[in-house]
Amino acid sequence: MRKLTILFILSVLSVTAAFASGSGEKLNVSFGGSTTVLPIMEGAIEEYQKMHPEVTISYEAQGSSVGIKGVMEGTYTLGASSRTLKDAEEKAGVVATPIALDGVAVIVNGNVPIGNLSLEQAAKIFSGEITNWKEVGGPDARIVVINRDEASGTRETFLETCLKPGAGAKANFVRSAIIVESNGDMAQKVGNTPYAVGYVGFGYIEGTRQAGGKEITISGVTPNERNVVNGRYALSRKLFVVHKGPLQNGTIENDFVQFILSREGQKIVKAQKFIPLQ
């Protein structure tokens, strides 16, 4: 899987002088996980760097499941996930700290004259029960389903919030779907593929439009911040950072997470088109 690696140089706060034991030597810290959370991590690291230039942090965006596994195995000291933890992950000692709210928008290619699907219709399209746009009031054309890879937290969220409620608890994705590895890839693929349908986190709606696609309403509800906050939009979720056990005072990981949760950090969340917790 393609790695999206971002390296930034950060310096240690006075309260975290223990990071380098006062020696002045630089430390390398590896974070990784969700592609959805990537813009938040980019923005937060960029701002954090301006304050603290002495620690090198890398973030590898390879998917939520990879990030969680990396935290469990010690590859990453901090991960990011766009899905909730599974029972086995919690039993392994992984802890998820919410940092933002988000929704998942259903998107279609610009040549699809459809502006709304019911939750049930969307579920039947992605599970393969509906295969032609004429079945939902569109043209007589085969529906091209674009899906995310199995490491994706967005895929897991979409399965739990769309397919299982809309098509039944045992519903699963159609096997013939085209698979892409990130939200950005999804936006581009749907925008460039006639009669395609897919889904992206809210932070990628604008990229979808630029690529030639568009978001649609679900059961008449627009995918936007207000409808996530008020509970009307069904395809919504929290975004998390994940770590092994509770965050410890005096560590880079705790200090960085506290920055994301601060007023300034939540401004970054909003600037990246996600929904702040506060």
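Each listed q (0.10, 0.15 Å⁻¹) maps to a log10 I(q)/I(0) for the chain, found by the Debye formula over equal Cα scatterers with no solvent: -0.52, -1.05.
Spatially, the range 173-217 and the range 112-126 are offset by 14 Å when compared through their Cα centroids. Each residue, Gln49 and Ser219, gets one label point 7 Å from its Cα in the Cβ direction; the gap between the two is 4.3 nm. Each of Arg226 and Lys134 was given a label point 7 Å from its Cα along the Cα-to-Cβ line. The distance between the two points is 3.8 nm. Multiplying the residue separation of Asp87 and Arg142 by 0.36 nm and subtracting their alpha-carbon distance yields 16.0 nm.
Think of each Lys and Arg Cβ as +1 and each Asp and Glu Cβ as -1; about the Cα centre, that makes the dipole of the chain roughly 580 debye.
Here the range 41-58 is scanned for amide nitrogen atoms under 18 Å from the site 7 Å beyond the Cα of Lys267 along Cα-to-Cβ, giving 41-52. Taking label positions 7 Å along the Cα-Cβ direction at both Ile179 and Asn28, the computed distance is 3.0 nm, reported to one decimal.
Candidates Ser58, Thr77, Ile45 compared by Cα position along the dipole of the range 45-86: farthest toward the positive end lies Thr77, with charges placed on Cβ. Over the range 48-121, with every protein chain in place, what whole percent of the accessible area is carbon and sulfur at 1.4 Å, could you tell me? Within the range 48-121, the accessible surface is 51 percent carbon and sulfur.
Considering helices alone, the calculated mean residue ellipticity of the chain at 222 nm is -8500 deg cm²/dmol, with DSSP H runs of length four and up weighted by -39500 (n - 2.57) and normalised per residue. The value obtained for the range 34-175, namely the Cα convex hull volume divided by the number of residues, is 138 Å³ per residue. What the chain shows is 44 Å² of accessible area per residue, with the surface traced by a 1.4 Å probe over protein heavy atoms. Under the classification rounded if a/c is under 1.5, otherwise prolate if a/b is larger than b/c and oblate if not, where does the range 150-243 fall, given a ≥ b ≥ c as square roots of the Cα gyration tensor eigenvalues? Cα axes put the range 150-243 in the rounded bin.
The values are calculated or read from the model by the stated rules, or taken from the named source; none is laboratory data. The shown structure was predicted, so the numbers you read here are calculated from the model rather than taken from an experiment. All Cβ positions, glycine included, derive from the backbone under ideal geometry; neighbour counts span all protein chains shown. Ligands, DNA and RNA are excluded from the accessible area calculation, which covers all protein heavy atoms including side chains. Shrake-Rupley method; radii C 1.70, N 1.55, O 1.52, S 1.80 Å.
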